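Shown next, in C-alpha cells, is the structure this report addresses.
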Amino acid sequence: MKPLEIKDPLTGEMFLPKRSNQLFKTAANRNKFNNNKAKAFRRETASINKALQKNLNICKELLSTKNEAIFHKEFLLGKGMNFAVYTNYFETGGERQIRVYNFLLTVVGNNQIKIAKT
C-alpha cells in the first residue's frame, strides 16, 4: 500500500509525511503558519486590548496605596477611562458592576464611581 501524500497548509505543497500525525512538510512551515495565525489574532484584538490596558493602568495609578476610592465619572473620563471596555460585568441589587481585571467599578451616586481592588 502506497503512503498517501498530503498538502502542507502553509505552502500548498504535496509531500509524503514521515509520521501519521504530520501536517506540515517542515517544522519551519509549522512555526510560520502558527506565527501568522497568532499575529492575525493579535491584530484583531489590539484595539480592545489597548483600551483594557489603559483602563487597568488608570485603576492601578489611582489605587496605588488604597484598596478603594470614589471618583467623579468626568475625572475618570478625563484620565482616559473607557467605560465601554471591561473584562466582566454583573448586576447585584439593580446595580451594574463592571470589572477591569482585578478592579471592581460601581456607580455609587450621581456620576460617582467607586473603584475597589478585588
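The values are calculated or read from the model by the stated rules, or taken from the named source; none is laboratory data. Not measured: the values here are computed from a predicted model. For neighbour counting, all protein chains shown are included, and Cβ atoms are generated from backbone atoms with ideal geometry for every residue, glycine included. Note: areas computed on protein heavy atoms with side chains; ligands, DNA, RNA excluded. Shrake-Rupley method; radii C 1.70, N 1.55, O 1.52, S 1.80 Å.
The table below lists the values:
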read-out	value
Whole-Hz ³J(HN,Hα) from phi, Karplus 6.51 cos²θ - 1.76 cosθ + 1.60, for region 7-13, glycine and proline x	9, 5, x, 7, 9, x, 6
Charge dipole (the chain, unit charges on Cβ, about Cα centre) - positive-most of N111, N57, L4	L4
Whole-Hz ³J(HN,Hα) from phi, Karplus 6.51 cos²θ - 1.76 cosθ + 1.60, for region 61-73, glycine and proline x	5, 6, 10, 4, 10, 10, 9, 7, 7, 10, 10, 6, 4
Solvent-accessible heavy-atom area per residue, rounded to whole Å², over region 7-118 at 1.4 Å	69 Å²
Contact order normalised by residue count of region 45-118, Cα under 8 Å, 6+ apart, percent	33 percent
R19 - accessible surface, heavy atoms, 1.4 Å probe, Å² rounded to 10	130 Å²
Percent accessible area from carbon and sulfur atoms, the chain, protein chains only, probe 1.4 Å	52 percent
Packing-based ranking, highest mean first, of 84-94, 22-32 given that Cβ atoms within 10 Å are counted	22-32, 84-94
Out-of-range pairs (alpha-carbon distance over 19 Å; input K66/K117; K66/K114; K54/K79; K60/K117; K18/K39)	K18/K39
Pairwise label distance in nanometres, Q112 with A84, each label 7 Å out on the Cα-Cβ vector	2.8 nm
Gaussian network model of the chain, springs between alpha carbon atoms under 10 Å - residue of L62, L16, L77 with greatest fluctuation	L16
Cα shape, region 56-109, gyration tensor, a/c 1.5 rule	rounded
